[in-house]
Amino acid sequence: VNYWAEWCKPCIREIPELNALHAEDGFRVFGVNFDGAKGEELEGQEARLGVAFPTLAADPAARFGLARPEVLPTTLVLTPAGQLYRVLVGPQTADTLKSVTGGDALDP
């Protein structure tokens, strides 16, 4: 789960990496628009930035007992069972995210 914003330059740079990871078997990327954009505004931002992964309608941080991130980008790495595995702060690449999971999707 990746927190992004249209004004966040590191977020913009990592979007192609997240798109590529989302397209791989065994990995799914979901976004959270940090500014809470919805509807046409969100669709416009996603189109301008080339976001190819789904954006969640609600921030899931509370579900994991976390506060809303204070630094962007922030990525929550979850197991397939939906358990929080790691919190990563700063821009990520497909390779850095794979290295966190041992190079493969996490076992449930």
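Couple of notes before you dig in:
- When region 1-23 is filtered for residues that are within 17 Å of Val100 (Cβ to Cβ) and either open to solvent by 60 Å² or more (accessible area, probe 1.4 Å) or not in a loop (DSSP other than H, G, I, E, B) (or both), the ones remaining, listed by number, are Asn2, Tyr3, Glu14, Glu17, Leu18, Ala20, Leu21, His22.
- Some residue of region 27-49 being modelled with pLDDT under 95, open to solvent by less than 30 Å² (accessible area, probe 1.4 Å) and within 19 Å of Asp95 (Cβ to Cβ): yes
- Matching residues in region 60-92 - criterion: being over 11 Å from the mean Cα position of the chain (by Cα) and either surrounded by 16 or more Cβ atoms within 10 Å (Cβ to Cβ) or of a type in the set (D, E, K, R) (or both): Ala61, Arg63, Arg68, Pro69, Glu70, Leu84, Arg86
Yes/no per residue for (1) assigned to a helix (DSSP H, G or I); (2) closer than 20 Å to Ile15 by Cβ; (3) of a type in the set (Ser, Thr, Tyr):
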position	(1), (2), (3)
Val32	no, yes, no
Gly36	no, yes, no
Gln45	yes, yes, no
Val51	no, yes, no
Ala57	no, yes, no
Val71	no, yes, no
Gly82	no, no, no
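The values are calculated or read from the model by the stated rules, or taken from the named source; none is laboratory data. No experiment lies behind these values; they were computed from the predicted model shown. Positions of Cβ are backbone-derived with ideal geometry, glycine not excepted, and every protein chain shown enters the neighbour counts. Only protein heavy atoms, including side chains, enter the accessible area calculation; ligands, DNA and RNA are left aside. Shrake-Rupley method; radii C 1.70, N 1.55, O 1.52, S 1.80 Å.
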